[in-house]
Amino acid sequence: MYTILIIIPLISAIISGLLGRYIGQKGSGIISSICIGITAILAIISFYEIGITGSPLAFSYINWIDLELLEINWGLYLDSLTVSMAILVTLISTCVHIFSIGYMEGDPHKQRFFSYLSLFTFFMLLLISADNLLFLFIGWEGIGICSFLLINFWYTRLEANKSAMLALIMNRVGDWSISIGIYIIFYIFGSISFTTIFSVAHNIEENTNITLFVIPLFIGAMAKSAQLGLNTWLPRAMEGPTPVSALLHAATMVTAGVYLLIRISPVLQYSNITLTLIILIGSISALLAALMALTQNDIKKIIAYSTMSQLAYCFIACGICQYDIAIFHIVNHGFFKALLFLSAGAILHSIYDEQNIYKIGGFINIDPLIYIAIFSGSLSLMAFPFLTGFYSKDFIIAASLGTYIYIGSFAYWFGTITAFLTSIYSIKLICLVYLIKPYGPKKHYILESNHSIYITIPIIFLTIFSIFFGYFFKDLFIGFGTPFWGNSLSISYSLNLLEAEFSNSNFYSLLPLCLSLIALFFTIFYYFYNSEFLAIRSTIPKLNYFSKFKYIFSNGYYLDAIYASFIIKPYFYFSNLTNKVLDQGVFEFLGPTGFIKIFKNINISISYYDTGIIPHYGVYIILSLIIFFFLLFIKPLIILFFVLTLLFI
Amino acid sequence: MLTISIILFIIILSFKILKPVYINRISILISIYCSIILLTIIFNTNVFYNYGISIYNSLGYISINQIIGQLIVWFTITLVLLLGESGKTRKNILRSSEYTLIILLSILGMNFLLISNDLVTMSLAIELISFPLYISASLYKNDEIYEGLGFNKNNLSGIYAGLKYLLIGSLGSVFILLGSVFIYGDTGLTNITNIIELLNIFNNKLEIYKIGSTLIIVGLLLKLGCAPFHNWAPDVYDGVPTIVTTWISIVPKIPFLIFLSLHPLFIYPLLSNLTLFSSFCSLIIGSIMGLLIFRIKRLLAYSSIVHLGFILLSISCIYYINTFTTIFYIVVYVITSINIFFILNSINLSKNIELLSELKGFVYNNKLLSFSLIISFFSLAGIPPFLGFYSKYFILLDSFNLEYYFITFISLLCSVISCVYYLRIIKIINFDDNIYMNYKSIHLNETISIVISFFTFLTLTFVLNGNLIFNLFNTPFII
């Protein structure tokens, strides 16, 4: 069953990709949706079998690489962590497949699209079920390639090409780093199998050797999860079709980075430096991503930046060693973020892909269903009490304070401010799109906004999940002393959870929530009485200076420009230099040209003796014989030198 | 037993009872028969393990290594005689009775050399190998009736080459005899086993013995055509017809090399400097001199000098390593170069080629044959997945492990340089402006095509399961 679970998406990809001609446009969508649906059902069954009944399993099919040094089996390693990710991936993938049937209507390349989506699902399943780092890496590369193909799906658009290349190159940085990590792991452990690494990790010298390979893996995770510094590809990736953004760049692919950190948690545990670094990077990118999201006009980019900020929460959770909360937040976030993206896609689908939120407005009466979906998704995103996001996100913030280390309180404050900003931009989005009066052109509103059944079903499904999932699964995932995780995570049942629950003062526990609520009401007021606020603002002229900061945020801190001027330009200059001076100059002279000259000269000087006259040959033979007699008594190197000098004369 | 049967066969031949066509076939059958007997001896008896047998009143000595050497020789002879079955039925010199007679005499000498354990037998065997070679080199001159056998345009080049071969070869024989005299004068012994015992007693302090031994080594190197004494080799190999080149450039080398590697007497540690020096010179000269050559057989002669350099390198280490490396390299070299010569001979059937440039556009004429030729040259150059890489690799590994860093480095460099001229041939075959269809398309008969395809297949697929062949070779070499 577990083999079928992984193989079915691949079969689906092959059917719709290679046999797309025979099954037709509609057929490819339906067949691949059914395939992925079966996978989802199997994933739920395996969630029950492996996760809930607590029987992890590992098995290998064939021996792939068998050197004396290195032995790699093609095997699966299925435990609670895997199946938690598997239900996330397969359920969202099913929703996205069904949604795409409606969304991609009229596109001439549907078969290709479904093929890519299924292939992505296959690689993601491969990644989460791998039993060694090499297979994880294969899945990792595979989802990178699928990401490239899907962003570049409308390959005639220049912007799409540029974004796809940016995504691929940024991910290459991470891949490079991960491969280095794997080499170091192989060097230290002599194996890259997870079980081996985890079993002997406690014997490895802490903080030096472990840090050596954990940091490269962390950098790879940063690139995949779009953390600060390597984040520029994520908003640009919104060039692809919206279902792609929902599947890859919100719910599943970007979670691969966090998944990697959680997977290596038994090793990560030992490296305090890396943990500190993770918290630091996570907190800062959470805040900066929220600030960026605040200043965007594009509906998809807002959601994309919020993804970055939510993943940063997961990083914080990893950094404070609460891996179960991290995986819980990933799953929750997957559901409500997919919901947000699909809803945004539904809106865009009905209004000719107008992505600027300032040009929409007043959709609440036209599109109430999508309004409900996006509203519940947003509330879940900003951790409104008793919705899905609340159970994990709020808990991360509380737990980070409960660590009682300075870096923990650092994370707490950054997280709190981020939560505040999150509610501002979420509510801003809802206000601008739905609540305030219409700003869009007339043709947006005279449309009959009847979404097809393919669009509504996934949205309703995900709405239910993003409201109730956290409530139902809280005890299973992060309940105190839950047996669900078994050995799959390194859970230190320290007092952190208890501290977070009970010992934090009420003020600090309630602060994030209160700030979110304040932000919510404040934003609604701001947009309903916009003219009054503007009037007040115009009376304070100095405020305009502050508003110039906005440009820094909205341009992503000019990271692209910084990379271009500080890395890419010197790189091109350097490569020009090496090409002109070294490659075509020095090496050419010392290499091919020079060698040809030298050997030609030697050849001519030797063949001068090659007369073809027998007495000459006799003389050479006698002379060589004399040299051989010398060799008996003198060291051979001297003779060599002697002969060589003779030759060159 | 074997040798006696050969002598009988030679006597039968000399009476000219049979037609020449049958003579070639009978000699092929006999060589196959001998190979099979030797194989059964190797795999079915435990007699030779750990010790050998003195025969002919201790003039000869047989152990498992000698048997393996004889097997390789007979195997090669079978292949070379198979060439006689190619294309032409009339006027094929390999099917004439005198040529076969000469070849069989030489084979007799080779078998004697391999089992000889005495300085006298050794010199006699060497003479017996050499004289038929001189004769066969100059036996035939270019004539209208000998079309398709790879004669040079110059009518007398074969005779020049034969004379050169005779004179230089005699010089080598003189050295060997003189060396034997020195050894006999110093020790009073001619039996090699006895000499070794004496050396152990005197703790290697016999100075005149050293000079004699040096002379014998020089004589053997001269016969092989190793570097400081190499000048005759390209001239001779180039001058004689291709079908004779196949014979004299491959087969006589095997017994000499195996004899050298089986008798560490001549190359005990102090004297291994000589073979090392010769190996160094062979590598350098062979790889550099081949660069500007435009005649194909001359080029192959220089390439054989490079390979001799490699074999000598492993022979210099033979005191410390398994004989397997050397034998394996010899076998691989024989297989590859026989494949090349088979292909050249089959090209000769439709057009006589002397120059490299005449191979232009060969790929358009016969794709599979040119593919086999390219694979063989890659193997000679030592490009990794092919057979030639592994033999080189083992030798370099051994010499590196023995801390011969300088010569290892030099041999690596020379291997790179010699790649240039192999690749040049491949370039000429594939990419040069073709004069294709200048000669009519080549049709092979079954024997030749089976041999070529088998060796090409072996070269290509060795990488898949090399252990099979290693085990085959390794089991007899437990000693």
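The values are calculated or read from the model by the stated rules, or taken from the named source; none is laboratory data. Because the structure is a prediction, the values reported are computed rather than measured. Note: ideal-geometry Cβ built from the backbone for every residue, glycine included; neighbour counts use all protein chains shown. When the accessible area is computed, the model is the full protein with side chains, heavy atoms only, and any ligands, DNA or RNA have been set aside. Shrake-Rupley method; radii C 1.70, N 1.55, O 1.52, S 1.80 Å.
Points to keep in mind about this one:
- From the alpha carbon centroid of the stretch A:191-269 to that of the stretch A:399-476 is 25 Å.
- Summarising the label geometry, the points placed 7 Å from Cα in the beta-carbon direction at A:Ser565 and A:Ser409 lie 3.9 nm from one another.
- Peptides B:271-281, B:408-418, A:391-401, ordered by how many other C-beta atoms sit within 10 Å of their residues on average, highest first, read A:391-401, B:271-281, B:408-418.
- Counted over the stretch B:154-221 with a bin width of 5 Å, the fraction of Cα pairs per bin, in whole percents, is 4, 17, 20, 18, 11, 8, 7, 6, 4, 3, 1, 0.
- Entries of B:Lys223/B:Lys253; A:Lys600/B:Lys164; A:Lys110/A:Lys224; A:Lys359/A:Lys437; B:Lys367/B:Lys392; B:Lys153/B:Lys351 with Cα pairs more than 18 Å apart: A:Lys600/B:Lys164; A:Lys110/A:Lys224; B:Lys367/B:Lys392
- A Förster distance of 51 Å, applied to the separation of the beta-carbon atoms of B:Phe454 and A:His202, puts the FRET efficiency at 0.35.
- Expressed as a fraction of 2.2 N^0.38 Å, the value expected for a compact globular protein of N residues, the C-alpha radius of gyration of the stretch A:2-523 is 0.92.
- Given a 1.4 Å probe and the protein chains as shown, A:Trp413 ends up with an accessible area of around 110 Å².
- Scaled to the globular estimate 2.2 N^0.38 Å, the Cα spread of the stretch B:286-479, given as radius of gyration, is 1.07.
- Nearest-0.05 FRET efficiency for B:Val416 and B:Ile36, computed from C-beta distance (R0 45 Å): 0.65
- Per-residue surface analysis assigns B:Tyr22 an accessible area of about 120 Å², computed on protein heavy atoms at 1.4 Å probe radius.
- For the stretch A:151-230, the list of GluC sites (Glu not before Pro) that fall in a loop by DSSP and count at most 15 other C-beta atoms within 10 angstrom reads A:Glu205, A:Glu206.
- A dipole drawn for the stretch A:103-196 from +1 and -1 charges on Cβ atoms has a positive end, and of A:Pro108, A:Leu125, A:Ala167 the residue lying farthest that way is A:Pro108.
- Here chain A is assigned +1 on the Cβ of each Lys and Arg and -1 on the Cβ of each Asp and Glu. Its dipole about the Cα centre then comes out at about 1820 debye.
- Estimated buried accessible area (total), pair A and B, 1.4 Å, Å² to nearest 100: 2800 Å²
- Shielding of peptide B:231-237 by partners, expressed as the average count of other chain Cβ atoms within 10 Å per residue Cβ, is 3.
- Per residue of A:607-620, other chain Cβ atoms within 10 Å of the residue Cβ number 4 on average.
- Pairwise label distance in nanometres, B:Tyr319 with B:Val120, each label 7 Å out on the Cα-Cβ vector: 3.0 nm
- Ranked from largest, the principal axis spans of the Cα set of the stretch B:190-301 equal 53, 26, 18 Å.
- According to the calculation over all Cα-Cα pairs in the protein assembly as shown, the P(r) per 20 Å bin from zero is 11, 30, 21, 21, 14, 3, 0 %.
- Legend: mean number of C-beta atoms from other chains within 10 angstrom of residue C-beta atoms, peptide A:591-604, equals 2.
- These residues, B:Glu127, A:Glu68, B:Glu354, go from largest to smallest accessible area, 1.4 Å probe, as A:Glu68, B:Glu127, B:Glu354.
- Centroid-to-centroid separation of the stretch A:94-142 and the stretch B:235-310 [C-alpha atoms, Å]: 61 Å
- Largest to smallest accessible area among A:His109, B:His307 [probe 1.4 Å]: A:His109, B:His307
- The H on the amide N of B:Asp118, modeled in the peptide plane, is under 5 Å from the matching H of B:Ile192, each at least 5 residues off or on a different chain.
- Heavy-atom SASA rank of B:Leu178, A:Leu119, A:Leu340 (probe 1.4 Å, accessible area, largest first): B:Leu178, A:Leu119, A:Leu340
- Estimated inter-spin distance, A:Leu623 and A:Asp353, nm [label 7 Å along Cα→Cβ]: 8.2 nm
- Accessible surface of A:Asp324 - all protein chains present, 1.4 Å probe, nearest 10 Å²: 10 Å²
- Within the protein assembly as shown: Cβ-based charge dipole about Cα centre, in debye rounded to nearest 20 (Lys, Arg +1; Asp, Glu -1): 2440 debye
- Tensor-based shape of the stretch A:22-110 (alpha-carbon gyration tensor, a/c under 1.5 rounded, otherwise prolate or oblate): oblate
- Heavy-atom surface of the protein assembly as shown, accessible at 1.4 Å and reported per residue (Å²): 41 Å²
- One chain, two ends: A:Phe595 and A:Phe59. Fully extended at 0.36 nm per residue, the span grows by 187.4 nm beyond their Cα-Cα distance.
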